[in-house]
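I have placed the structure first, in the form of structure tokens, so that the comments after it can refer back to it.
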Amino acid sequence: MEENTPNGNGIENKGHDIVVASHAPTPGAQPPERFTGLRLGAIKGKAAGIKGVTTALGHAVKYMAPGQAVKTMFRLNQKGGFDCPGCAWPDPDDDRSKLGEYCENGLKAISEEAQKKTIGKDFFASHSIPEMLEWTDYEIGKQGRLSEPMLLRQGQNHYEPISWAEAFQLIGRKLNALDNPDRAVFYTSGRASNEAAFLYQLFVREYGTNNLPDCSNMCHESSGQGLSQTVGIGKGSVTLTDFYEAEVVMVIGQNPGTNHPRMLSALERCKENGGQIITVNPLPEAGLQNFINPQRPGKILSGGTKLTDLFLQVKINGDVALLKAIMLQLWHEEQQAPGTVFDWEFIQSKTTDYEAFIEDLKTHDFETLVEASGVPRAQIKQATAMIRNKKKIIICWAMGLTQHENGVENIREVVNLLLLKGSIGKPGAGTCPVRGHSNVQGDRTVGIWEAPKPAFLDALQANFGFEPPRKHGYAVVDAIKAMYEEEAKVFFALGGNFLSATPDTEYTAKALQRCDLTVHVSTKLNRSHLIHGKEALILPCLGRTDQDLQASGQQFVSVENSMGVVHSSQGVLAPPSPHLLSEPAIVAGVAQATLGSRSKIDWAHLVSDYDNIREAIEKTVPGFDDYNRRVREPGGFYLPNGAREQQFNTPSGKAVFTVNTVPDKALRDEEYIMMTIRSHDQFNTTIYGLDDRYRGIYNERRIVMMHPEDIKSAGLKAGQVVDLHGDYKGVHRVARQFIVVAYDIPRRCIATYFPEANVLVPVDAYAKGSKTPLSKWVAVTIQPAS
Ligand SMILES: Nc1nc2c(c(=O)[nH]1)N[C@H]1C(S)=C(S)[C@@H](COP(=O)(O)OP(=O)(O)OC[C@H]3O[C@@H](n4cnc5c(=O)[nH]c(N)nc54)[C@H](O)[C@@H]3O)O[C@H]1N2
Ligand SMILES: Nc1nc2c(c(=O)[nH]1)N[C@H]1C(S)=C(S)[C@@H](COP(=O)(O)OP(=O)(O)OC[C@H]3O[C@@H](n4cnc5c(=O)[nH]c(N)nc54)[C@H](O)[C@@H]3O)O[C@H]1N2
Ligand SMILES: [Mo]
């Protein structure tokens, strides 16, 4: 980051870091610093229910034609229907609700995609890029579905229409002009189907690079790493039915009421079968406290199911300390009554490194751990008592654990607890990283990875006859740096919103602007189309809900959910424009234009019938035997999962205990730890609305949640407008114009929404071992707005 232009203040000495520079702002890279009119209500104690249903229906009828709204709701997550483009929570294997396996936020995701409105050449002729950059993300997203390919010529302010053939030729020319394939970056967001993703990585590797960063790098990469090291598979071990049998479910660092609402039904069934739920979170998230199942009218009338039995309000990144405190207490109790707490048979026959783990655990002081976790000792003892005699324990988690410097260690510590209790690979027990994007797990399974395993590359080589590159490629943060330093010159994205989803917005904006060409395969307009390379292309594609017609007829695609079930998804709606292509067709078009006769692959054949792509996947990726038949079975099929059978694919063949340290990053007196989280009305960078209903925050996104005592001691007032400043490794970053909201959050911890606060997340601050940006741990100071 040598090239930083110092800001107006020049050199600042903060007494801690010598701050020499900040990234010069690019107009429009950050969402506008405009307020929309904050209203506050009570923090909700309950999730879903009637309000959830009416909100979702309101959303559906507002943006979709009424007939389409009904049609989509009935086909959503039904066997033979389409997969919800929202989250990756699985559908029940058996009895699915007649009204679609539906949730409020799933329906919002669908109505965003299945919009009546489209935008094409007239829209882009009348709106210049500088004009659109002033819109909020909410306004950008509400314009409608992209309807035809568009080109931005060098130096111009308006996108113009371009034919598909010319667009493919342009990409091919630019890629072939690079002196090395590693100068191109090929990003993937997790909505791409298995078929699209496999074809994409096939093209990218035949072209000659492993530069395949994906949204997973910012998401569950820490889970993949932590789980692979300890239980030999980077995916979770539980299935949905395990939830119905579990005695205790711990939900750590996850907000399912908003982000995985259908998970609440599984938790409800767990409770009805006598299970207990412990939640670990800095915030008292509504959906976890009490749930009113919108699909069970009786439950709506009776006021719902109380889900959380014990809420542990941990400090941000206090989880390792908390888990260690629980395990230390369990160990003491095991000492007092040997053989009653730990599962010795499992530990002895199925694990290694127990001794090293326990030796380290014993060196910790209980009170110090209690203090570091932020949770009262009585509650830690209560949690211990709840799991002491249980064997069927599931631990679920999401971004609250992965987006930390010690993200990988957080996951390993979760595994330690499960191993002590023998709680993995048996009914009602195991690991449950709850995935984000609907097919993020499947994309990785079929080869979207910057660090592919040799066996996978060998299979590509054997089946397709080209020599795949062996050198690992860029993860997201490396890709940003490579573009900033002009090592990489072409950026291609299969979905997503790279500018707004990645850290360090101002730095990333420069990185994208330094590219010769940026290309986005997208359904909807987003800020990444507006902060562009010298030339830029928008390639509009079919979405999950759209019918997909190829040479052999109507196609379906397949996806893998959070629990390793591969199943089909078939769009039901007429596409919003006749000019859209499917993602596989776009990839094939780019591949043909780029590789021409030097390609060993018959791209037209693969795309003519997606069965051909699935055959290619079956030949290459283990676990897909008889893919085309099994994917047509109602509900699909499970991929093999060793941990589920206590077959641990580690070098020793056993599960591994690990020694992890308690993080102790010191804060300066005036600093706070900031986590960047999702509101109830967004899907990542797609902003559905301006409310965060369960948290009682309405009509405003530029807010910072803060403990009332912290507000007072900082000399601030609730409702005051502040700027947030961060200094990291000599670079000063600032996010301006946030309204202070008093909130039930631990002292010295604050929360903001992403993408508004992404500008503060340093590109060079990421998790050890997974390179996941520290979106849940940013040290900031708060100052009255300048
Ligand atoms: N409607 C909707 N659904 C979505 C998404 C969406 O944006 N909208 N996004 C999808 C994607 S890609 C993903 S990855 C998932 C994300 O799902 P989540 O991980 O639930 O999403 P976040 O809002 O990032 O919430 C993180 C939660 O962790 C807590 N937390 C933060 N820091 C810590 C910590 O240090 N320790 C603990 N114990 N808790 C902490 C926060 O208070 C918050 O409750 O959701 C998916 N589903
Ligand atoms: N500060 C902070 N930053 C974060 C996070 C955080 O918690 N805090 N979370 C991180 C996480 S977990 C994730 S997963 C990433 C998400 O990063 P991304 O996946 O890159 O971002 P999204 O906002 O999900 O992408 C939305 C865009 O995808 C396009 N799109 C939607 N559907 C389709 C489709 O079917 N096909 C195609 N081709 N395009 C489509 C639309 O144009 C839309 O504008 O963000 C990360 N960034
Ligand atoms: Mo994610």
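The values are calculated or read from the model by the stated rules, or taken from the named source; none is laboratory data. The model shown is predicted, which means the values in this text are computed figures rather than measured ones. Methodologically, a virtual Cβ is constructed for each residue, glycine included, from the backbone with ideal geometry; neighbour enumeration extends over all protein chains shown. Surface accessibility is based on the protein's heavy atoms, side chains included, excluding ligands, DNA and RNA. Shrake-Rupley method; radii C 1.70, N 1.55, O 1.52, S 1.80 Å.
Report those strands (runs of 3 or more DSSP E) wholly inside the stretch 234-346 carrying at least 3 residues which are under 25 Å from G224 (Cα atoms).
Counting at least 3 such residues, we get 248-252, 276-280.
Taking into account only those residues within the stretch 680-723 that are more than 16 Å from ligand 1 (Cβ to nearest atom) and among the basic types (K, R), which is least open to solvent (accessible area, probe 1.4 Å)?
R702
What's the number of the condition F311 fails, among (1) within 16 Å of ligand 1 (Cβ to nearest atom); (2) open to solvent by less than 30 Å² (accessible area, probe 1.4 Å)?
Evaluating F311 over (1) within 16 Å of ligand 1 (Cβ to nearest atom); (2) open to solvent by less than 30 Å² (accessible area, probe 1.4 Å) leaves (2) as the failure.
Return the total of residues in the stretch 694-743 being within 14 Å of A785 (Cα to Cα), touching an Asp or Glu at 6+ places or on another chain (Cβ under 7 Å) and not in a strand (DSSP E or B).
Result for the stretch 694-743: 1.
Do any helices (runs of 4 or more DSSP H) lying entirely in the stretch 99-169 carry at least 1 residues that are within 30 Å of S438 (Cβ to Cβ) and in contact (Cβ under 8 Å) with a residue 40 or more places away in the chain, and which ones are they?
So the answer is 104-113, 129-133, 137-141.
In the stretch 570-595, which residues are closer than 15 Å to D443 by Cβ and either charged (D, E, K, R) or surrounded by fewer than 24 Cβ atoms within 10 Å (Cβ to Cβ) (or both)?
E583
What's the total number of residues in the stretch 462-493 that are surrounded by fewer than 22 Cβ atoms within 10 Å (Cβ to Cβ), out of contact with any helix residue (DSSP H, G or I) (no Cβ under 6 Å at 6 or more places or on another chain) and either aromatic (F, W, Y) or without any contact (Cβ under 8 Å) to a residue 12 or more places away in the chain (or both)?
4
Here are some residues: A451, A459. Which one is of a type in the set (A, V, I, L, M, F, W, C), over 30 Å from H332 (Cα atoms) and either open to solvent by 30 Å² or more (accessible area, probe 1.4 Å) or assigned to a helix (DSSP H, G or I) (or both)?
Result of the check over A451, A459: A459.
Can you name the condition, by its number, that L227 falls short on among (1) open to solvent by 10 Å² or more (accessible area, probe 1.4 Å); (2) away from ligand 2 (no atom under 16 Å from the Cβ)?
Failing condition for L227: (1).
Considering only residues that are of a type outside the set (K, R) and touching a Lys or Arg at 6+ places or on another chain (Cβ under 7 Å), look in the stretch 144-154 and name the one that is farthest from P578 (Cα to Cα).
Checking each candidate, the answer is Q154.
Given the condition over 25 Å from E285 (Cβ atoms), open to solvent by less than 10 Å² (accessible area, probe 1.4 Å), within 16 Å of ligand 2 (Cβ to nearest atom) and touching a residue at least 12 places away in the same chain (Cβ under 8 Å), answer yes or no: does some residue in the stretch 434-441 qualify?
yes
If you scan the stretch 655-670, which residues turn out to be away from ligand 1 (no atom under 16 Å from the Cβ) and buried (at least 19 other Cβ atoms within 10 Å of the Cβ)?
Within the stretch 655-670, A655, V656, F657, T658 qualify.
Taking the stretch 494-520 only, how many residues are hydrophobic (A, V, I, L, M, F, W, C), more than 16 Å from ligand 3 (Cβ to nearest atom) and open to solvent by 10 Å² or more (accessible area, probe 1.4 Å)?
Residues that pass the stated criteria total 0.
Among H680, H707, which is the only one that is more than 16 Å from ligand 3 (Cβ to nearest atom) and under 17 Å from the mean Cα position of the chain (by Cα)?
H680
Considering only residues of the stretch 174-202 that are touching a residue at least 12 places away in the same chain (Cβ under 8 Å) and charged (D, E, K, R), which is surrounded by the most Cβ atoms within 10 Å (Cβ to Cβ)?
Among those residues, the one meeting the criterion is E195.
Find the helices (runs of 4 or more DSSP H) located wholly in the stretch 365-409 whose residues include 3 or more that are hydrophobic (A, V, I, L, M, F, W, C) and either modelled with pLDDT of 95 or more or within 27 Å of G257 (Cα to Cα) (or both), and list them.
Because the criterion is at least 3 residues that are hydrophobic (A, V, I, L, M, F, W, C) and either modelled with pLDDT of 95 or more or within 27 Å of G257 (Cα to Cα) (or both), the helices (runs of 4 or more DSSP H) in the stretch 365-409 that meet it are 366-373, 377-388.
Exactly one of these conditions fails for G236: (1) out of contact with any helix residue (DSSP H, G or I) (no Cβ under 7 Å at 6 or more places or on another chain); (2) open to solvent by 10 Å² or more (accessible area, probe 1.4 Å); (3) of a type outside the set (S, T, Y); (4) within 16 Å of ligand 3 (Cβ to nearest atom). Give me its number.
(2)
When the residues of the stretch 468-480 are filtered to those that are within 18 Å of V519 (Cα to Cα) and part of a helix (DSSP H, G or I), which remaining residue is nearest to ligand 1 (Cβ to nearest atom)?
Checked the stretch 468-480; the qualifying residue nearest to ligand 1 (Cβ to nearest atom) is V476.
Return the pairs, sorted by first residue and then second, in which the second residue is among the polar types (S, T, N, Q) and open to solvent by less than 20 Å² (accessible area, probe 1.4 Å), the first residue lies in the stretch 224-253 and is under 20 Å from T308 (Cα atoms), the beta carbons are less than 6 Å apart, and the residues are 6+ apart or on different chains.
Once the first residue is under 20 Å from T308 (Cα atoms) and sits in the stretch 224-253, its partners that are among the polar types (S, T, N, Q) and open to solvent by less than 20 Å² (accessible area, probe 1.4 Å) give V251/T279.
Under 7 Å by Cβ, and 6 or more places apart or on different chains, what pairs join a residue from the stretch 616-630 that is touching a residue at least 24 places away in the same chain (Cβ under 8 Å) and surrounded by fewer than 17 Cβ atoms within 10 Å (Cβ to Cβ) with one that is part of a helix (DSSP H, G or I) and not charged (D, E, K, R)?
Close Cβ pairs satisfying both conditions: K619/N463.
Exactly one of these conditions fails for R544: (1) of a type outside the set (S, T, N, Q); (2) away from ligand 1 (no atom under 16 Å from the Cβ); (3) open to solvent by 10 Å² or more (accessible area, probe 1.4 Å). Give me its number.
(2)
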